[in-house]
1. Of all residues in region 92-140, which are closer than 25 Å to Arg16 by Cα, acidic (Asp, Glu) and in a strand (DSSP E or B)?
2. Among the residues of region 36-66, count how many are acidic (Asp, Glu), part of a helix (DSSP H, G or I) and over 16 Å from Leu168 (Cβ atoms).
3. Can you spot a residue in region 114-123 that is at pLDDT 95 or above, farther than 20 Å from Phe42 by Cα and touching a Lys or Arg at 6+ places or on another chain (Cβ under 6 Å)?
4. Within region 191-221, count every residue that is more than 27 Å from Val128 (Cα to Cα), hydrophobic (A, V, I, L, M, F, W, C) and either crowded, with 20+ Cβ neighbours inside 10 Å or touching a Phe, Trp or Tyr at 6+ places or on another chain (Cβ under 7 Å) (or both).
5. Looking at region 13-35, which of its residues are part of a helix (DSSP H, G or I) and of a type in the set (Val, Ile, Thr)?
6. With the condition kept exactly as written, say whether any residue in region 79-91 is in a strand (DSSP E or B), farther than 25 Å from Tyr208 by Cβ and in the same structural domain as Phe217 (by TED's automatic domain parsing).
Amino acid sequence: MMAEGDLGALLEQMQRDWDARAKENARFYVDTKKREWTDAEFFKSGEETAVQEILTDITNICHGKNPKRMRVLEIGCGAGRVTRPLARIFGEVYAVDISREMVRQARAALADLQNVHIFQNNGKDLEVLGDQRFDFVFSSIVFQHIPSREVIESYVRAVRRRLRRGCLFKFQVQGEPHDSAADTWVGVALSLRDVREMAIRCDFEMRYSYGEGTQYFWLWYFRPRLTSRAWWQHRRYKLHLVRRRWRRVIGRLS
């Protein structure tokens, strides 16, 4: 487990690095397909992400609810590339980013949208949002840059506290193993076992995943409903892991 001082230093480094990238060329560092983006091109790329990851998955995301009555959260909004199409789909959109400069640019670019609320957070939790609760949480090409499993799990736990029961946290992590030390550009790689065990520890039900072993490793974490069959299966599996851990401890002591 990372010491508090080390964690604080890492978060400061993440903020400095992303502020520097945002000042140099925010849109390029948000989406590296092009170094120079026009407004139209940049936000069209965000619409493409929304089509691919939101509109094609609307059943899992909405569960029959009217999107216009949903409050959603985007983690790592950058310069607002995906935030704009989210605001067209859903009734109310909250967004956070660790970079003050990214937040400044996103607020300027989306000033015409009354249903968007953008905040700078500390890079590991959602305390800046107070007691807001959400019907869906989304994050794309963000967690792949985080160099610490502890920071990623801190975010997941924060989402669990603010996500309504039965609702979805859909996010993407770095799944491609790499030899270089993780930094604030190429983050820590997670395996299928890693993300399954993280879901258990954070009290989520991981129903689906896609892209294991690649840079675009997508995860579907649902906050369980207490009465659902899947919830009880989830709890039994969690108990199984605890028992297995204790058997290993007893085995080493005997």
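The values are calculated or read from the model by the stated rules, or taken from the named source; none is laboratory data. Predicted, not measured: the structure shown is a model, and the values here were computed from it. Ideal geometry is used to build each Cβ from the backbone, glycine not excepted, and the neighbour counts take in all protein chains shown.
1. Of everything in region 92-140, just one residue is closer than 25 Å to Arg16 by Cα, acidic (Asp, Glu) and in a strand (DSSP E or B), namely Asp97.
2. Looking only at region 36-66, we keep the residues that are acidic (Asp, Glu), and these are 36, 39, 41, 47-48, 53, 57.
Okay, now just the ones that are also part of a helix (DSSP H, G or I), so 39, 41, 47-48, 53, 57.
Subset that is over 16 Å from Leu168 (Cβ atoms): 39, 41, 47-48.
Total meeting the criteria: 4.
3. Checking region 114-123: at least one residue is at pLDDT 95 or above, farther than 20 Å from Phe42 by Cα and touching a Lys or Arg at 6+ places or on another chain (Cβ under 6 Å).
4. Initially, region 191-221 is screened for residues more than 27 Å from Val128 (Cα to Cα), giving 191-194, 196-197, 207-217.
Add one more test, that the residue is hydrophobic (A, V, I, L, M, F, W, C), and what stays is 192, 217.
Now drop any that are not either crowded, with 20+ Cβ neighbours inside 10 Å or touching a Phe, Trp or Tyr at 6+ places or on another chain (Cβ under 7 Å) (or both), which leaves 217.
Matching residues across region 191-221 total 1.
5. Going through region 13-35, the residues part of a helix (DSSP H, G or I) turn out to be 13-30.
The one that is part of a helix (DSSP H, G or I) and of a type in the set (Val, Ile, Thr): Val30.
6. So in region 79-91, the residues in a strand (DSSP E or B) come out as none.
No, region 79-91 has no match at all.
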